[in-house]
Amino acid sequence: MCEISAVWSLDKPISTSKWSLNPVKLIGFFIVGLMVFTAASIILKDLPSHTRLRLLTDPDATEDVSHLSITVQKDKLLDGLLTSGFDERSCLSRQESVLYHKELRQKPSSYLISKLRNYEALHKQCGPHTVLYNRSVELIKSGQYRDSADCSYLVWISYSGLGNRMLTLASAFLYALLTNRVLLVDPGVNMPDLFCEPFPGVSWLLPPDFPIIDQFSMFNQESPHCYGYMVKHDIIGNSTGSILPPFIYLHLAHDYDDQDKLFFCDQDQSILHKIPWLVMRTDNYFVPYLFLMPAFEQELSNLFPEKETIFHFLSRYLFHPTNSVWGLVMRYYQAYLVQGDEKLGIQIRVFDTGVGPFKYVVDQITACLMNENLLPQINREEPILNPSGKQKTIAVLITSLSLGYFEEFRNMYWEHPTVTGEIVGVYQPSQEEHQQTEKLWHERKALAEMYLLSLTDKLVTSAWSTFGYVAHGLGGLKPWILYKPENRTAHNPPCVRAVSLEPCFHAPPYYDCKKKAGTDTSKIVPHVRHCEDVSWGLKLFDQNNEL
């Protein structure tokens, strides 16, 4: 902060005439002081509370007014990615997250921004309880239709764990953007309690009186409304003038079959384009495969010139934690992480059964941290080291269902000093023991921990983990990925640095729609290749990135 210092000379008397109280001068001082106070209040109001407290109480704080102005002026709308017009108090994370997250990896393209504004207008025109929505719902009640509908919709069914839901919801939104459909979200059990509304003026939540909402749990590959089932039994075709169903169920979960996978073929998209209501269940981040579809490839390139930024942009656009979740994030960050000169996140997901911690997992994580210089070595010979000068502090945030891994690393840096003198603090917000999908407090904590991981400077994640994908995507971080151990043995090498920000599509089709034959779909275009952590998965890479 700027400090005002007064130099008083004890050798000379103070002139009373110089300091006489002129009323005009008093009014001037008062006005100037009021202006300074008002400006400071505006600046401080928009800063995180821990920064406000430091500025008001720490005379040695180094921030000056110009730095504060820059901080406050950080673009809350993320270079146009977000739109204004929301009640700020109803969703604090929408405005405050920019003060904690790093800047966006790239600027969103002007084409993407324009597309999002157009989508928001479409959603407001066709969203729940509008005249056009009510008219479209009547098509489902009638059971058939011939003419084109006023609005087309994509209904996303809430399914699988929270990480999967966030990845698939981003995938569904992108597909809706490409096909000019309105995305409606099945609330499931907890979605309204976890996320704020992302679109202005009208909700994205599917109304509870939607005619077929009670049937969602029964939809599967054998449902008469399933697209794969219809293809298999020649129920639907591309002939003109035929009576079409008002809705079709798309089964895109990990167990989908060859007929379900025809969703990713242009010819089948031309059929689906005619259907006013598509209802989708998936647990896959299927965005990479959209780039293999000629119908979408150019549009996607226009929207995302840097292809590895797709989930990063979409997650920052769509997923704003509710105030209850944001409170968890901020309280923990300010209590444990804010004072760290460097912040390291470690996300641990163990797929082996049994009670941990497993030694081979601890050994593999330790090897990764030491080999990649992510944490300092410990000194096992000297109990106390007292290097001169200010010691660097490293705050380590561990997320795991088990408490045991946290205890291993906490004790390591508590019982031994570091060789180079850093002070390492290790923290873990929760230890839920096992995943409890759809339990509200469990999922609030899970979402808070994803966000906390995204606020770190460096990040280590576990292979195959959608939780980790969301965390590094939100933060725009290229993590070190821990390879999945095999046969309860630590993998060697222990980890690999991610080349791309994008999540991995775990269960892609291996089918060439043009040739109607199986193929290695990682060889079709240079920017869709196999993932670092899942050898058969597909992932988007910028063309200048190399594995």
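The largest accessible area among ARG497, ARG165 belongs to the first residue in ARG497, ARG165, and the rest follow in falling order (1.4 Å probe, all chains).
Charge tally around GLN391: other residues with Cβ under 13 Å, Lys/Arg +1 each, Asp/Glu -1 each, net -1.
Ligands, DNA and RNA excluded, the heavy atoms of ILE212 present near 10 Å² of accessible surface to a 1.4 Å solvent probe.
A straight line joining the Cα centroids of the stretch 98-116 and the stretch 437-478 runs 20 Å. Checking the Cα-Cα distances for LYS124/LYS307; LYS261/LYS516; LYS392/LYS458; LYS102/LYS392; LYS478/LYS539 against a 18 Å cut-off, the pairs over it are LYS124/LYS307; LYS102/LYS392.
Residue-wise HN-Hα couplings along the stretch 323-340, as the Karplus relation 6.51 cos²θ - 1.76 cosθ + 1.60 with θ = phi - 60° gives them from phi, are 4, 5, 6, 4, x, 4, 4, 5, 5, 6, 4, 6, 7, 10, 10, 4, 7, x Hz; Gly and Pro carry x. Using a 7 Å offset from Cα along Cα-Cβ at ASP363, what residues in the stretch 492-520 end up with backbone N under 11 Å from the label point? Of the residues in the stretch 492-520, 492 have backbone N under 11 Å from the label point off ASP363. A convex hull fitted around the alpha carbon atoms of the stretch 102-146 yields 136 Å³ per residue. For the stretch 321-540, the fraction of C-alpha pairs more than 23 angstrom apart is 51%. So for the stretch 107-305, considering every pair of alpha-carbon atoms, how many percent are separated by more than 32 Å? Summing the P(r) of the stretch 107-305 above 32 Å gives 10 percent of all pairs. The trypsin sites (Lys or Arg not before Pro) of the stretch 385-457 meeting both criteria, a DSSP state outside H, G, I, E and B (loop) and at most 12 other C-beta atoms within 10 angstrom of the site's C-beta, are LYS390. The alpha carbon centroids of the stretch 481-519 and the stretch 117-192 are separated by 31 Å. Taking 0.36 nm per residue of separation and subtracting the current Cα-Cα distance, fully stretching the chain between ARG380 and ILE524 would add 46.6 nm. The string of couplings for the stretch 436-442 from the Karplus curve (6.51, -1.76, 1.60, θ = phi - 60°) is 10, 4, 6, 8, 4, 5, 4 Hz, one whole number per residue in order, with x for Gly and Pro. I need the Debye-formula profile for the stretch 271-383: one equal scatterer per C-alpha, no solvent, reported as log10 I(q)/I(0) at q = 0.12, 0.13, 0.22 1/Å, two decimals. The computed values of log10 I(q)/I(0) come out as -0.88, -0.98, -1.28.
The values are calculated or read from the model by the stated rules, or taken from the named source; none is laboratory data. Keep in mind it's a predicted model, so treat the numbers as computed, not measured. Don't worry about glycine lacking a Cβ; one is built from the backbone with ideal geometry, like all the others, and counts go over all protein chains shown. Each accessible area value is taken on the protein alone, full model and side chains, heavy atoms only, with ligands, DNA and RNA left out. Shrake-Rupley method; radii C 1.70, N 1.55, O 1.52, S 1.80 Å.
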